[in-house]
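What follows is a set of notes on a single structure, which appears directly below.
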Amino acid sequence: MKIRMEHIVFIVILISAITANELTKYLSNEELYDYLRDVNDNYQNISHLYSIGTTTLGEELWVLMLTLAPSHESTVPNVKIVGNIHGNEPVGRELILHLIRVLLYGYVINDEEVIHLLRTTKIHFLPSANPDGFSKAVEGECNIGPGRKNANNVDLNRDFLPIFSMDDKEFHRQREIETTAIVQWMSEIHFVLSVSIHSGSLVVVYPYDEATPGDNTNGESLTDDNDIFKHLAQTYASGTKGAIYESCPESRTFENGVINGASWYSARGTMMDYNYYYHGCMELTVEVSCCKYPHPVKLMDIIDNHIPALVSVIREAHQGIKGVITCEGDRGISYIQVLGRNLTIQSTPEGEYWRILLPGRYFLQVESGSCTTEVLSVEIPRRKHDEYPSPIIMNINLRKPYEMINDDETELETMDNNDEDELNVTVKDTSYQISESAESGAHFNNTRETFSPRAESSLSSAALQYHYYSAAIPILLCSILIIRI
Ligand SMILES: [Zn+2]
């Protein structure tokens with residue numbers, strides 16, 4: 001499906017002109033809630049307003065979700081946009097509110113891109129993760145001022161579980177109520193992609209923030225998905241119409257407007273690291289203005305530049321594969337890992353999974369219930385510039401071990417469904433097939449590795465290493481083999 005980003009840019013300019021007078025001030029916490037409630041009241045068919053908890057001072061942490069996807073539809077990806085986790089960086093609040101306006105306007109005028117985005121995505125907006133801090137912050141204060149931390153004087157963006165340096169004390173330490181609310185939110189909703197909006201610089205930051213253990217050099221601390229993170233960061237940066245490439249006074253310059261968190265400065269317990277390491281959610285930290293709390297007259301320029309960038313990165317939730325994993329037809333929490341990447345994606349209780357992947361061929365290890373763990377391969381096709389990402393849909397039905405072998409029963413179908421390539425795969429006890437989608441040239445290999453089912457429900461890292469070497473080496477080096485362990 002070809003949809004041009006010019007649609008969004010046009011709507012942003014139009015809405016900015018209409019609402020310019022409204023942006024003479026930042027909304028207070030109460031006004032922010034009133035705005036979200038009005039949206040929810042007036043657009044009930046596409047919005048859902050909910051609170052994920054309260055702050056130290058009792059403010060509600062409101063989230064507005066927008067979608068046009070039918071409630072019963074499976075595998076619709078959830079994306080979240082979080083603002084104002086540092087209370088003295090409120091540009092994100094206004095940016096999020098304006099993005100909501102843009103999407104609502106696009107919906108009202110039936111804009112093709114907006115309708116498609118909302119039809120295929122659930123977008124959750126948390127405009128302020130730290131309203132207590134915001135109420136103490138000072139407008140016009142561009143540098144460190146009051147309100148960065150919460151009411152208990154804790155920096156919420158250092159309050160999440162660390163990823164490398166963890167001991168019992170740190171693990172069991174009481175987290176702030178705002179942090180706990182976000183953690184609980186993430187455990188209830190399976191987010192695929194996230195953006196956290198900050199101010200005080202101009203750059204897009206990708207994981208990890210926490211330095212690699214033993215590295216005191218401010219070197220890069222990279223995930224195995226660094227190719228994807230760099231793609232997401234550069235997608236955002238190039239969507240800002242050049243704004244992110246400018247440099248702030250007395251600040252270093254960032255090549256192409258992006259940087260790895262630890263190589264900028266190492267930080268422990270950040271929300272971005274927590275998202276990816278513990279939930280597999282790919283979060284970017286975006287710094288959208290040199291001044292932390294600029295005068296509101298500056299807001300419109302920032303909004304004009306960053307809303308198209310936000311939309312372009314939200315679309316990337318559809319890049320890669322998704323589907324439903326079942327065990328003998330039964331749905332349940334399942335696990336999928338791209339071999340060679342130390343991240344295991346856990347599905348929803350309904351077996352739904354999402355995995356952002358760039359074009360290329362990948363080997364996927366899939367585990368569900370007491371069924372036999374399988375290794376499959378998939379090829380993600382290239383897409384044309386400016387083409388809306390369209391995921392490969394791969395529904396996988398695993399089988400229990402020791403069943404009768406019957407090659408003839410192996411099923412492998414390709415279907416085209418609304419621009420998405422759908423592969424329904426039933427993996428039986430021995431098989432190898434290749435099929436090709438006529439629409440996009442997508443390839444699917446069913447290359448199997450049979451493992452003994454294990455009692456535990458999740459994959460330990462040691463087990464993953466074992467599976468990786470026992471599966472990937474024969475597959476990669478010896479072409480197609482069927483091995484039983
Ligand atoms: Zn910040």
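Figures for the structure shown
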read-out: Extension gain (nm, one decimal) between residue 342 and residue 72, 0.36 nm per residue minus Cα-Cα; value: 94.0 nm
read-out: Packing-based ranking, highest mean first, of 228-240, 339-351 given that Cβ atoms within 10 Å are counted; value: 228-240, 339-351
read-out: FRET efficiency estimate (nearest 0.05) - Cβ-Cβ, residue 220 to residue 361, R0 25 angstrom; value: 0.45
read-out: Sequence-distant residues sharing a close amide H with residue 289 (under 5 Å, placed H); value: 200, 201
read-out: Debye intensity ratio I(q)/I(0), log10, the range 191-304, q values 0.11, 0.22 Å⁻¹ (C-alpha model); value: -0.34, -1.26
read-out: C-alpha center-to-center spacing [the range 280-342, the range 35-80] in angstrom; value: 17
read-out: Computed lengthening from residue 112 to residue 350, 0.36 nm per intervening residue step minus Cα-Cα distance; value: 82.6 nm
read-out: Net dipole in debye of the range 301-409 [+1 Lys, Arg Cβ; -1 Asp, Glu Cβ; about Cα centre; nearest 20]; value: 300
read-out: Distance in nm between pseudo-label sites at residue 175 and residue 188 (7 Å out along the Cβ direction from Cα); value: 1.4
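Laboratory data are not the source of any read-out in this text; all were calculated from the coordinates shown. This structure is a prediction, so every number in the text was calculated from the model and none was measured. Cβ coordinates were reconstructed from backbone atoms using ideal geometry, including for glycine residues, and neighbour counts include every protein chain displayed.
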